[in-house]
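Visitor: Could you have a look at this structure, given as C-alpha coordinates, before my questions?
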Amino acid sequence: MQFLKFEVGDVIELKKAHPCGNKQFKILRVGGEMRIVCLGCEHDMIIDRIKLEKATKRFIVGGDKNE
(Lines give C-alpha, C1' and ligand atoms only; values in the text may rest on other atoms or scores of the structure.)
Protein backbone atom coordinates (compact mmCIF):
# COMPACT_ATOMS: atom_id res chain seq x y z
CA MET A 1 0.00 0.00 0.00
CA GLN A 2 1.41 3.34 -1.03
CA PHE A 3 0.61 6.47 0.95
CA LEU A 4 -0.21 9.81 -0.64
CA LYS A 5 2.28 12.55 0.10
CA PHE A 6 0.40 15.63 1.25
CA GLU A 7 2.15 18.96 1.73
CA VAL A 8 0.97 22.26 3.15
CA GLY A 9 -0.48 24.37 0.34
CA ASP A 10 -1.60 21.46 -1.88
CA VAL A 11 -5.05 21.78 -3.43
CA ILE A 12 -6.94 18.50 -3.70
CA GLU A 13 -10.28 17.38 -5.10
CA LEU A 14 -12.38 15.05 -2.97
CA LYS A 15 -14.80 12.40 -4.20
CA LYS A 16 -17.77 13.93 -2.38
CA ALA A 17 -18.69 17.59 -2.43
CA HIS A 18 -18.86 19.84 0.63
CA PRO A 19 -22.42 20.99 1.50
CA CYS A 20 -21.65 24.30 -0.28
CA GLY A 21 -21.20 22.32 -3.52
CA ASN A 22 -17.41 22.67 -3.86
CA LYS A 23 -15.05 19.68 -4.12
CA GLN A 24 -11.71 21.51 -3.89
CA PHE A 25 -9.85 21.88 -0.60
CA LYS A 26 -6.51 23.36 0.41
CA ILE A 27 -4.30 21.60 2.96
CA LEU A 28 -3.30 23.79 5.91
CA ARG A 29 -1.66 21.23 8.24
CA VAL A 30 -0.26 17.74 7.77
CA GLY A 31 0.21 14.92 10.24
CA GLY A 32 -1.99 12.21 11.75
CA GLU A 33 -4.86 14.65 11.61
CA MET A 34 -5.00 16.93 8.58
CA ARG A 35 -6.47 20.42 8.54
CA ILE A 36 -8.15 21.38 5.28
CA VAL A 37 -10.15 24.40 4.14
CA CYS A 38 -12.96 24.45 1.56
CA LEU A 39 -12.12 26.78 -1.32
CA GLY A 40 -15.80 27.56 -1.86
CA CYS A 41 -17.00 28.76 1.54
CA GLU A 42 -13.70 29.02 3.49
CA HIS A 43 -14.89 26.48 6.12
CA ASP A 44 -11.95 24.71 7.73
CA MET A 45 -12.04 21.26 9.29
CA ILE A 46 -9.81 18.60 10.78
CA ILE A 47 -9.93 15.10 9.30
CA ASP A 48 -7.93 11.93 9.95
CA ARG A 49 -5.18 11.27 7.43
CA ILE A 50 -6.55 7.82 6.53
CA LYS A 51 -10.03 9.22 5.84
CA LEU A 52 -8.56 12.00 3.72
CA GLU A 53 -6.47 9.55 1.69
CA LYS A 54 -9.58 7.48 0.94
CA ALA A 55 -11.64 10.58 0.09
CA THR A 56 -9.05 12.16 -2.23
CA LYS A 57 -9.86 11.91 -5.92
CA ARG A 58 -6.89 13.83 -7.36
CA PHE A 59 -4.37 16.60 -6.78
CA ILE A 60 -5.25 19.91 -8.47
CA VAL A 61 -2.07 21.79 -7.43
CA GLY A 62 0.95 20.10 -5.95
CA GLY A 63 2.45 17.83 -8.57
CA ASP A 64 1.97 14.27 -9.76
CA LYS A 65 1.59 12.62 -6.36
CA ASN A 66 -1.69 10.79 -7.05
CA GLU A 67 -0.04 7.63 -8.37
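The values are calculated or read from the model by the stated rules, or taken from the named source; none is laboratory data. On a predicted model such as this, the values are computed, not experimentally measured, just so you know. All Cβ positions, glycine included, derive from the backbone under ideal geometry; neighbour counts span all protein chains shown. Protein only, heavy atoms only, side chains kept; ligands, DNA and RNA dropped before computing areas. Shrake-Rupley method; radii C 1.70, N 1.55, O 1.52, S 1.80 Å.
Visitor: I60's amide H: which non-local residues (gap 5+, or another chain) put their own amide H closer than 5 Å, with H modeled 1.01 Å from N in plane and none for Pro or chain starts?
Guide: Those qualifying (amide H under 5 Å, at least 5 residues apart or on another chain) are V11, I12, E13.
Visitor: So between V30 and I60, what do we pick up on full extension, going 0.36 nm a residue minus the alpha carbon distance? Present the calculation step by step, with values, prior to reporting the outcome.
Guide: Details: separation 30, 0.36 × 30 = 10.80 nm, distance 1.71 nm.
Taking V30 through I60 to full extension adds about 9.1 nm, to one decimal.
Visitor: How much of the accessible area of the chain, probe 1.4 Å, is carbon plus sulfur, in whole percent?
Guide: Details: 2290 of 4500 Å².
So the carbon and sulfur contribution to the accessible surface is 51 percent.
Visitor: For region 28-40, just list the computed ³J(HN,Hα) in residue order, Karplus coefficients 6.51, -1.76 and 1.60, θ = phi - 60°, integers in Hz, with x standing in for Gly and Pro.
Guide: Result, ordered by residue: 9, 8, 10, x, x, 10, 9, 10, 10, 10, 6, 7, x Hz.
Visitor: Can you tally the net charge around E33? Count Lys and Arg as +1, Asp and Glu as -1, for every other residue whose Cβ sits under 12 Å from the Cβ of E33. Don't skip to the end; give the middle numbers.
Guide: On the way: positive: R29, R35, R49, K51; negative: D48.
Net local charge, E33 excluded: +3.
Visitor: Here's a follow-up. Could you please put H43, H18 in sequence from largest to smallest accessible area, using a 1.4 Å probe?
Guide: Values: H43 95, H18 35 Å².
So the residues, ranked largest to smallest area, are H43, H18.
Visitor: Within the chain, which cysteines find no other Cys whose Cβ is under 4.7 angstrom from their own?
Guide: C38
Visitor: Counting only the heavy atoms of the protein chains, how much of F3 is accessible to a 1.4 Å probe, in Å² to the nearest 10?
Guide: Rounded to the nearest 10, the figure is 140 Å².
Visitor: Take the Cα pairs of region 16-56, get the Kirkwood Rh, then feed it into Stokes-Einstein at 25 °C and 0.890 mPa s and tell me D in µm²/s.
Guide: Working: Rh = 10.3 Å.
Calculated translational D: 239 µm²/s.
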